[in-house]
Amino acid sequence: MRPRSNTSARRFAGCVALVLASTLRSGRVDAAPPEPEPAQAADEPRVLLLSDESELAFAIARAIRTELNDVEVALEVIPLLRAVDLRDRVGVAEQSIAERAALGAVWVEVDDEVWVAYLVVAEGSIHRSIVGESEAERIEAAAVVIRHLATELLEGRSIGLIPVEVEPEVEPEPALEPDGVDEPEPDAAIDRQPVAPWRLGERARVRLQGGYVGQAWAPQRPWASGVELSAEVRLRVGVHVGVGYGVFASLTQPVRRSTGLGVAEVVVRRFPAALVVGYQHVWDRSRVALDAQLRLSSEFVDRSATDLLAERPLPIRPRLVVVPVIEPRLQLDWLFRPPLSLNLALGLRVNTIDYSYGLDIADSSDNSVEHREYLGPYVVAPTLQIGLGVFL
């Protein structure tokens, strides 16, 4: 019985082995086919952030990333190495937008008093001021402003872009400056136009003039001195017209009869009023002007006499005499401090009538009257004038 049992067991094991071998040779469990991989999602729109490597820039970038977490836009940080001033930053932003096919580029200008967020796209640029009392508040405000700009840009809204060529109304100081470079003073950047030199002939002017005047008037008074004032209108071409007035020192002259009896004293006062016309040529570089003028004067002569013995006034008829005078002059003006001028004039005084002055003296002893000449002015005499003038 024992050998039979072994034979049955061997048969059973062989059958099992045969079944297994057949299964391995002919039957194969194929693995399930792999599920297709999901298609790659389209690249998200990108916004570039221009930033440097300072701690403040890292804090701003971190705050911006936090604000853009729920916005379907990717933020890419670009080092801002080649941009020194605002114009350079705009150029770097435009180039980076074109190279990376981004929607736009943003950055934050940081200053002690003013922070400004900038957005640049292909069509233009825009800036927004950042307000906050502390640095943390300003960082948060900058992130919110950039989120707002990125959202509106993503949705295609109008955000008020201006051309890049137009500078913003408020341009902050550049945040990134090379060490050791001082900013020029604000006044030094202003292009001042040179002040045009003062020119006498640039327009019509009023000339006011006053000074000393002297004349060789008569043999009894070889040289008479006085004061002369004038006011004239000078046209741009140099022609001028005006009026003048003079006051001379009075002449006191004693008058005697031929016998020596009877003495009188005569006082003569002159007040010439003149109409002035002329032409003035100016040399602007040397500030010198030459004036040729003609003065048409009416010389008012007032006379009075006193009898010294009787101590009573003597009648003189006519008491007031008007003498027409023509006086050509050449005047040289030096504009030492425009519009002030120092002037010197030389002229010839010409009496149009040969007029002499006489007095009738009566002798109380024989009741006789004698006519005595006491003054005979020159018909032609030189004139000198020195004074100051101003051109208004």
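Below is a table of values for the structure above.
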quantity: Condition check for residue 284: among the acidic types (Asp, Glu), modelled with pLDDT of 90 or more and farther than 30 Å from residue 311 by Cβ; calculated: no
quantity: In the range 66-85, residue modelled with the highest pLDDT [restricted to those that are closer than 18 Å to residue 101 by Cα and of a type in the set (D, E, K, R)]; calculated: 76
quantity: Qualifying residue in the range 336-351 (condition: among the aromatic types (Phe, Trp, Tyr) and surrounded by 14 or more Cβ atoms within 10 Å (Cβ to Cβ)); calculated: no
quantity: Residue list for the range 259-299, restricted to those being part of a loop (DSSP other than H, G, I, E, B) and touching a Gly at 6+ places or on another chain (Cβ under 7 Å); calculated: none
quantity: Scope the range 88-120; condition over 39 Å from the mean Cα position of the chain (by Cα) and touching a residue at least 40 places away in the same chain (Cβ under 8 Å); matching residues; calculated: 96, 97, 100, 101, 102, 103, 104
quantity: Odd one out for residue 286 among (1) on the phi < 0 side of the Ramachandran plot; (2) surrounded by 15 or more Cβ atoms within 10 Å (Cβ to Cβ); calculated: (2)
quantity: Residue list for the range 217-239, filter: farther than 29 Å from residue 255 by Cβ, surrounded by 15 or more Cβ atoms within 10 Å (Cβ to Cβ) and touching a Gly at 6+ places or on another chain (Cβ under 7 Å); calculated: 228, 229, 230, 232, 238
quantity: Among residues of the range 18-49, those that are crowded, with 16+ Cβ neighbours inside 10 Å and either closer than 15 Å to residue 143 by Cβ or at pLDDT below 80 (or both), counted; calculated: 2
quantity: Residue that is modelled with the highest pLDDT, among those in the range 111-142 that are under 19 Å from residue 66 (Cβ atoms) and part of a loop (DSSP other than H, G, I, E, B); calculated: 134
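The values are calculated or read from the model by the stated rules, or taken from the named source; none is laboratory data. Please read all numbers here as calculations on a predicted model, not as lab measurements. All Cβ positions, even for glycine, are placed from backbone atoms using ideal geometry, and neighbour counts span all protein chains on display.
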